[in-house]
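Structure first, then comments.
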Amino acid sequence: DWSSDVCSSDLALLDNLQRQTISQFELIYIDTFYEQNRQRFDSYLPGLKFIVKHVPIHEEHRYWFDKGYTYISSAKNTGILHADGEICVTCDDAEFFPEDILERYWKHYKTGHYMLGMYDRMKTIVTQNGLPSYPLRGEIYRNDTRFRHLAGKNLLHHTTGDWAYAGTSFSLNDALELNGFNERMDGCKSLEDCDFGNRLRILGRKFVLDIH
């Protein structure tokens, strides 16, 4: 949840990414309301330091979308189809993250580990001119159970695919080898991320939790 003072989730996301310490990345924004949002969203793009691809759900991945159900795997597979980078990171448009988070994903990837983002939730958020102020401030609480496994450490290297949710990272090559996310899990909010994480584990991939 977030304050009604935030002007829009997608604009806040773009502002957050513009603050990142690296600029060699692309954002693929899969938009449920692509036709309605296209003109407004495109007006946000001039001056950004990174590439943005604003796309609708792919025509061949619309089964659950057209039935009006949740289509998380289908949306992520649409993103994979449009990706040109080496490593992919998933996120929602209502997430806020540290300014060095993409740099951390890349650093861990170069050591052979896929970083899994952990999160705090915010009941309220302090804004300025309709956007979140940085560093983030507000009424924050923690309910991500993965923090418990750190046991006071800053990093935890592991091979637990079940923890691959909320900010999963993976290489584009691995995503293509696994044929993407399992769209049979769409139609409801289920464990598509954990399924994908466990298939990465079967490939022999390693993960890391980073408290920062």
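The values are calculated or read from the model by the stated rules, or taken from the named source; none is laboratory data. Small disclaimer: the values here were computed from a predicted structure and weren't measured. Heads up, the Cβs are rebuilt from the backbone with ideal geometry, glycines too, and the neighbour counts pull from every protein chain shown. Heads up: the accessible areas ignore ligands, DNA and RNA and are worked out on the full protein's heavy atoms, side chains in. Shrake-Rupley method; radii C 1.70, N 1.55, O 1.52, S 1.80 Å.
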Checklist outcome for this item: Pairing a residue in the range 29-48 that is of a type in the set (Val, Ile, Thr) with any residue that is outside any strand (DSSP E or B), where Cβ atoms lie under 7 Å and the two sit 6 or more apart in sequence or on different chains, gives Ile30/Ile57; Ile30/Ala75; Ile30/Thr78; Ile30/Gly79
Next on the checklist: Suppose we filter the range 135-159 for residues that are open to solvent by less than 70 Å² (accessible area, probe 1.4 Å) and in a helix (DSSP H, G or I); how many remain?
Outcome noted: 4
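Only residues that are among the polar types (S, T, N, Q) and modelled with pLDDT under 95: list them for the range 183-212, please.
Residues of the range 183-212 that are among the polar types (S, T, N, Q), as a first pass: 190, 198.
Listed by number, the list holds a single entry, Ser190.
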Checklist outcome for this item: For the range 182-209 the number of residues that are open to solvent by less than 10 Å² (accessible area, probe 1.4 Å) and over 23 Å from His61 (Cβ atoms) is 3
Checklist entry - How many residues are in contact (Cβ under 8 Å) with a residue 40 or more places away in the chain and in contact with a strand residue (DSSP E or B) (Cβ under 9 Å, 6 or more places away or on another chain) when one looks only at the range 157-190? => result 16
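Look at the range 160-174 and say how many of its residues are among the small types (Gly, Ala, Ser) and assigned to a loop (DSSP other than H, G, I, E, B).
As a first pass, look at the range 160-174 and keep what is among the small types (Gly, Ala, Ser): 161, 164, 166-167, 169, 171.
Those left that are additionally assigned to a loop (DSSP other than H, G, I, E, B): 164, 166-167.
The total comes to 3.
Out of all the residues in the range 174-181, is one or more within 29 Å of Arg62 (Cβ to Cβ), surrounded by fewer than 16 Cβ atoms within 10 Å (Cβ to Cβ) and of a type outside the set (Asp, Glu)? Spell out the reasoning first.
Step one: filter the range 174-181 for residues within 29 Å of Arg62 (Cβ to Cβ), giving 174-181.
Now narrow it down to the ones that are surrounded by fewer than 16 Cβ atoms within 10 Å (Cβ to Cβ): 176-177, 179.
Next, from what is left, pick out any that are of a type outside the set (Asp, Glu): 176, 179.
Yes, that holds for at least one residue.
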